[in-house]
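Undergrad: This structure is in structure tokens; I'll ask about it shortly.
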């Protein structure tokens, strides 16, 4: 069933109340209720990042089980930075 855009507004309020990422909550809702709309949005938005960046994002989502993980402070940032040093 296609999502009606005016029904999405409560998601933004809910995300703020829960202290979670609005983008992550929106992705979860669209994946559940209107995957074809999510696919179109992701196709359009991925034009803003390179293919390599898309691979990294996909890997993070796969490794985290789609949980929207944080970097876990300085140690997390240092680990990621070190992984990309050639």
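The values are calculated or read from the model by the stated rules, or taken from the named source; none is laboratory data. What you see is a predicted model; the values in this text were computed from it and never measured. Cβ coordinates were reconstructed from backbone atoms using ideal geometry, including for glycine residues, and neighbour counts include every protein chain displayed.
Undergrad: If I ask for residues that are surrounded by 10 or more Cβ atoms within 10 Å (Cβ to Cβ), in a loop (DSSP other than H, G, I, E, B) and modelled with pLDDT under 85, which ones from segment 1-49 would you list?
TA: Of everything in segment 1-49, those that are surrounded by 10 or more Cβ atoms within 10 Å (Cβ to Cβ), in a loop (DSSP other than H, G, I, E, B) and modelled with pLDDT under 85 turn out to be 3, 8, 49.
Undergrad: Has segment 55-64 got any residue that is part of a helix (DSSP H, G or I), in contact with a helix residue (DSSP H, G or I) (Cβ under 6 Å, 6 or more places away or on another chain) and under 30 Å from residue 77 (Cβ atoms)?
TA: Checked against the condition, which is being part of a helix (DSSP H, G or I), in contact with a helix residue (DSSP H, G or I) (Cβ under 6 Å, 6 or more places away or on another chain) and under 30 Å from residue 77 (Cβ atoms), segment 55-64 yields no hits at all.
Undergrad: Give the number of residues within segment 29-47 that are under 12 Å from the mean Cα position of the chain (by Cα) and free of Cβ contacts under 8 Å to residues at least 24 places away in the same chain. Spell out how you get there, then give the answer.
TA: Applying the first criterion (under 12 Å from the mean Cα position of the chain (by Cα)) to segment 29-47 yields 29-31, 38, 41-42, 45-46.
Imposing the further condition that a residue be free of Cβ contacts under 8 Å to residues at least 24 places away in the same chain reduces the set to 31, 38, 41-42, 45-46.
Counting residues in segment 29-47 that are under 12 Å from the mean Cα position of the chain (by Cα) and free of Cβ contacts under 8 Å to residues at least 24 places away in the same chain gives 6.
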